[in-house]
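Peer 1: Below you will find the structure I want to go over with you.
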Amino acid sequence: MKLYGKKFLRGSIGNAVSAKQETRDAILWDKVPASRVCRCKIQGSNELIITHYPQNWSSEPSWMKPGTAIRIVHVGGDRGKIEVAGLGRAIPTPVAGNMFPTIGYGTDGVLTDCYVTPCPLNPRMAVLTHIGTYRISGVTISLTAIALANGANYMLGDGGVIGDIAAITLINAAPAAGLFRYDLISGGTSAVVDYTAGTAAASPVMPSVGASHVVLSYIFVYGGTTKIIETDIGHEWTAPTPSVMTMVVADEHIYWADPVSTTVTLQVLDQYGNPAVDSWVFGIEIVTPGNGTVSYGSLNSLTKIEVATYSSSIVFTYTRDKLVTDRSPMLKGSVSGTWNTSMYAFILLYDGTGVFMP
């Protein structure tokens, strides 16, 4: 019986030891998530201890960050197996070396706001930069509001909330038609908004941001621009492509005493409002019950004519019959080629007494 008692006691002690979990606080130094381990320091030691992630973790907790106090445990009395048990209660003090790991900082960039907008109440060749913060080399830099008396550039009529505008930037005049330019609005270490005008080109390139600067916005400026609008800020250039056709009647009201003819101009423009020169077939047609004739040079018709040309526009002529039976025409203009569309316009005819002839 004594023999069995000693075996039972030894077994009980062994079970108690194996179930024992020795815990202590540590500071998380760095992590290797791919291997499910991290390194930490404990009180009175400068040695980095390898600590395992618990096997039942399906994802890493939000508090698992370098510099955080964690609780580590020696699993089952086996001092060779250490796991993270949770948040620690205190930051341990090492006997030597740094108490905290070197915490990395994010890349340079905008942290809060610093957005760029047109002048909301007075759109012109100028943009407003709003207050906010950005980071350069780990240092947070703040753009603060400018005073209302900040020179002649910022006017009350430009709009913007008082205390919210950090800078106003005047934009250089637009390039020639058919050319494009990117201008850069950036912030530097001196908390000043800088302006860099790009180079005008048929295919523009964004200017690079200088040393110790962050990009706040790019301004897209194309030929013919007279004011910066919302869609010009941060706009990405795309190759010009036919996008719209215009139809302009020189005289939409032809009275009895007026000349019997008026010109009708059709033009194709790209998405930037520039003439889209290409091989087009332009057409003009009198939609019944209107009457009269349409012509182009020696070509004329009572209904419809089409002309092929390498251009962006064409000028047709409409001529009324000047009869008591005249009826005001609806004209249909069309273009076909690499892009196709059509549109309509009215010409209002009047008789000798000034009465509209429907």
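The values are calculated or read from the model by the stated rules, or taken from the named source; none is laboratory data. On a predicted model such as this, the values are computed, not experimentally measured, just so you know. In this analysis, Cβ positions are derived from the backbone assuming ideal geometry, glycine residues included, and neighbour counts consider all displayed protein chains.
Peer 1: Identify, please: which residue in the stretch 34-53 is farther than 16 Å from Gly86 by Cα and either of a type in the set (Lys, Arg) or in a helix (DSSP H, G or I) (or both) and is, among those, modelled with the highest pLDDT?
Peer 2: Ser35
Peer 1: Right, another one. Do we have Val294 as in a loop (DSSP other than H, G, I, E, B) and within 21 Å of Trp256 (Cβ to Cβ) here?
Peer 2: It is false that Val294 is in a loop (DSSP other than H, G, I, E, B) and within 21 Å of Trp256 (Cβ to Cβ).
Peer 1: Take the residues in the stretch 97-113 that are hydrophobic (A, V, I, L, M, F, W, C) and surrounded by 10 or more Cβ atoms within 10 Å (Cβ to Cβ); name whichever of them is nearest to Gly187 (Cα to Cα).
Peer 2: Val110
Peer 1: Would the stretch 126-138 turn up any residue that is at positive phi, in the same structural domain as Gly163 (by TED's automatic domain parsing) and in contact with a His (Cβ under 7 Å, 6 or more places away or on another chain)?
Peer 2: No, that holds for no residue.
Peer 1: Okay, next question. Which condition breaks for Leu111 when tested against (1) assigned to a loop (DSSP other than H, G, I, E, B); (2) modelled with pLDDT of 80 or more; (3) within 28 Å of Thr140 (Cβ to Cβ); (4) of a type in the set (A, V, I, L, M)?
Peer 2: (1)
Peer 1: Can you tell me how many residues in the stretch 323-341 are within 20 Å of Ser311 (Cβ to Cβ) and without any contact (Cβ under 8 Å) to a residue 40 or more places away in the chain?
Peer 2: 1
Peer 1: Checking Met247 against (1) of a type outside the set (Lys, Arg); (2) farther than 18 Å from Ala174 by Cβ; (3) at pLDDT below 95, which test does it fail?
Peer 2: Looking at each condition in turn, Met247 falls short on (3).
Peer 1: Going by what's in this entry, would Thr231 be described as modelled with pLDDT under 95, in contact with a Phe, Trp or Tyr (Cβ under 9 Å, 6 or more places away or on another chain) and surrounded by fewer than 16 Cβ atoms within 10 Å (Cβ to Cβ)?
Peer 2: Yes, satisfied.
Peer 1: Tell me the strands (runs of 3 or more DSSP E) entirely within the stretch 116-169 that contain at least 1 residues that are in contact (Cβ under 8 Å) with a residue 12 or more places away in the chain and among the basic types (Lys, Arg).
Peer 2: Where strands (runs of 3 or more DSSP E) fall fully within the stretch 116-169 and carry at least 1 residues being in contact (Cβ under 8 Å) with a residue 12 or more places away in the chain and among the basic types (Lys, Arg), they are 132-136.
Peer 1: Right, another one. Looking at the stretch 313-329, can you tell me whether even one residue there is touching a strand residue (DSSP E or B) at 6+ places or on another chain (Cβ under 8 Å), more than 30 Å from Leu184 (Cβ to Cβ) and aliphatic (A, V, I, L, M)?
Peer 2: Yes, that holds for at least one residue.
Peer 1: Step by step: first the residues of the stretch 334-347, then only those that are surrounded by 15 or more Cβ atoms within 10 Å (Cβ to Cβ) and of a type in the set (A, V, I, L, M), then the one that is farthest from the chain's Cα centre (by Cα). Which residue is that?
Peer 2: Going through the qualifying residues, I end up with Ile347.
Peer 1: Across the stretch 298-312, what is the total count of residues that are under 18 Å from Tyr344 (Cβ atoms) and part of a strand (DSSP E or B)?
Peer 2: 4
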